[in-house]
Amino acid sequence: MTPPGLAGRVLLGAGELSQIVAGFGAAISSDHPDGVVVVGILKGSVCLVADLAREISVPCAVDFLALSAYGSGGRRIRVSKDLDADVAGRSVVIAVDIVDSGLTVSYVRRLLNERGARSADVCALLGRRSRRLLPVELRYVGLEIDDEYVVGYGLDLEERYRNLPMLVSIDPPQRAEIEMHEDEEQARV
Ligand code: IMP
Ligand code: MG
């Protein structure tokens with residue numbers, strides 16, 4: 001059941017999310033026995049990072065990066081909250097809610113490579129390949145979705161619904177409204 005007042009369908013329930021994130025944690029731990037720095041991209045990754053960190057059994061540091069979009073169509077990205085960690089020589093896992101155009105994750109990978117990270121793998125809860133503008137390799141991905149707008153478990157619609165314990169795919173009319181709004185406002189990513 002979706003929360004009252006929110007029309008849509010449950011894409012992944014809390015139990016399914018836990019299973020996916022446990023799978024991420026096991027795979028990351030086995031791929032990086034020396035340990036990892038999990039870099040969460042704010043704000044959409046907050047639930048993922050909190051749960052993922054607890055599923056990682058190798059040494060694990062957690063840090064966050066916030067980005068904002070600007071310029072025509074919001075196509076340019078800048079750092080609005082930088083990392084505290086020095087990533088040089090370390091294995092980094094970029095934790096992100098959803099990879100859509102791929103611009104955000106490509107930007108972050110380039111930044112981490114420039115800073116000398118040993119590796120920078122992407123762990124995405126969701127992927128939406130149909131809207132990709134830049135090719136990105138998603139080493140860990142929960143679910144590939146199509147052209148539907150998703151809220152919950154960190155993902156928002158105008159800052160609402162991040163706190164839902166499940167992922168809800170909402171009705172297209174609500175998505176059309178938010179996209180028009182985002183074009184006008186050049187919203188944060
Ligand atoms: P991109 O891959 O750079 O286009 O941007 C991805 C970001 O856009 C994500 O980190 C989300 O913050 C946001 N986003 C894209 N699709 C959705 C969605 O369906 N629901 C909520 N946020 C979304
Ligand atoms: Mg958002």
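The values are calculated or read from the model by the stated rules, or taken from the named source; none is laboratory data. Worth saying up front: this structure is predicted, and the values here are computed from it rather than measured. No Cβ is skipped: glycine too gets one built from the backbone with ideal geometry, and neighbour counts run over all protein chains shown.
Checking each residue in region 150-160 for being near ligand 1 (Cβ under 9 Å from one of its atoms) and surrounded by fewer than 20 Cβ atoms within 10 Å (Cβ to Cβ) picks out 156, 157.
Of the residues making up region 19-34, those that are surrounded by 14 or more Cβ atoms within 10 Å (Cβ to Cβ) and of a type in the set (Gly, Ala, Ser) are 22, 25, 27, 29. Reported count of residues in region 3-12, each being surrounded by fewer than 14 Cβ atoms within 10 Å (Cβ to Cβ) and in a loop (DSSP other than H, G, I, E, B), is 3. Those strands (runs of 3 or more DSSP E) of region 121-189 in which at least 3 residues are more than 15 Å from ligand 2 (Cβ to nearest atom) and at pLDDT 95 or above, considering only elements entirely within it, cover 140-144.
Please tell me if residue 22 is out of contact with any helix residue (DSSP H, G or I) (no Cβ under 9 Å at 6 or more places or on another chain), more than 14 Å from ligand 1 (Cβ to nearest atom) and small (Gly, Ala, Ser). Considered against the rule, which asks whether it is out of contact with any helix residue (DSSP H, G or I) (no Cβ under 9 Å at 6 or more places or on another chain), more than 14 Å from ligand 1 (Cβ to nearest atom) and small (Gly, Ala, Ser), residue 22 comes out as no.
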